[in-house]
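Below you'll find the structure, written out as structure tokens, and then a few comments.
Every number here is computed from the coordinates shown, using simple stated rules; none is lab data. Bear in mind the structure is a predicted one, so any value in this text is a computation, not a measurement. Note that we place each Cβ from the backbone using ideal geometry, even for glycine, and neighbour counts take in every protein chain shown.
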Amino acid sequence: MTWLTLTVVGCGLVLSLWSGLGPPWHWPGMLLRAVHRGGRRAVRASVARLRRPAAEPGPDPFVILQLQHRLGLIATELRILESEDADRVYYARAHRIQTRRTAYDQLLTEACRLAGVTDENPGHRLDTDGGLSRTEDERFAAEIELAARGWHW
């Protein structure tokens, strides 16, 4: 029995020397060095994570939903005002259409700013009231860009 124990211990020593681990009495020191290196790496990683600037928070989703809702309301009002039956119902129809279009264009500009859509024509003309005015093509292009980014109203 002692011969078997000595044989197994001897084979273990030879195997540990050949595998590059060194003699077994060096293993506790190697373990401490490995733990120390791992601890230093973890500290460096957490310091780097803390030094990294925080990402800018995106726009508030409730602001986006409110803006989409307002765009939908004004778009519906414009559709009603521009229908053929609106001639007999609404007084000062042309003025109402113009004010709704201006409001829609301003909301569209705000939506483009929130969604990160770049404006191809930043110098939009101002209408008689001093509000922002877009052409139908500019309005359509902005709506398509917003729809491509997941906006709908």
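Provide the FRET efficiency to the nearest 0.05 for the residue 84-residue 148 pair, computing r from the beta carbons and using R0 = 41 Å.
Working: r = 32 Å, r/R0 = 0.78.
Efficiency at R0 = 41 Å is approximately 0.80.
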Original post:
Modelled label-to-label distance, residue 140 and residue 26, 7 Å Cα→beta-carbon offset: nm?
Top reply: 7.9 nm
Original post:
Listing 109, 5, 102 from the residue with the fewest other Cβ atoms within 10 Å to the one with the most, what is the order?
Top reply: 5, 109, 102
Original post:
Stretch residue 94-residue 65 to full length: gain in nm at 0.36 nm per residue minus the Cα-Cα span?
Top reply: 7.5 nm
Original post:
By count of other Cβ within 10 Å, fewest leading, how are 1, 30 ordered?
Top reply: 1, 30
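Multiply the residue gap between residue 75 and residue 118 by 0.36 nm, knock off their C-alpha separation, and tell me the result in nm, one decimal place. Walk me through the numbers on the way to the answer.
Numbers: separation 43, 0.36 × 43 = 15.48 nm, distance 2.20 nm.
Full extension from residue 75 to residue 118 adds 13.3 nm.
Going by how many other beta carbons lie within 10 Å of each one, how would you line up 50, 146, 78, 32, fewest first?
Numbers: 50 7, 146 20, 78 16, 32 10.
Fewest-to-most Cβ neighbours within 10 Å comes out as 50, 32, 78, 146.
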Subject >> Simple label model, 7 Å out from Cα along Cβ direction - residue 106 to residue 8, nm >> reply: 8.8 nm
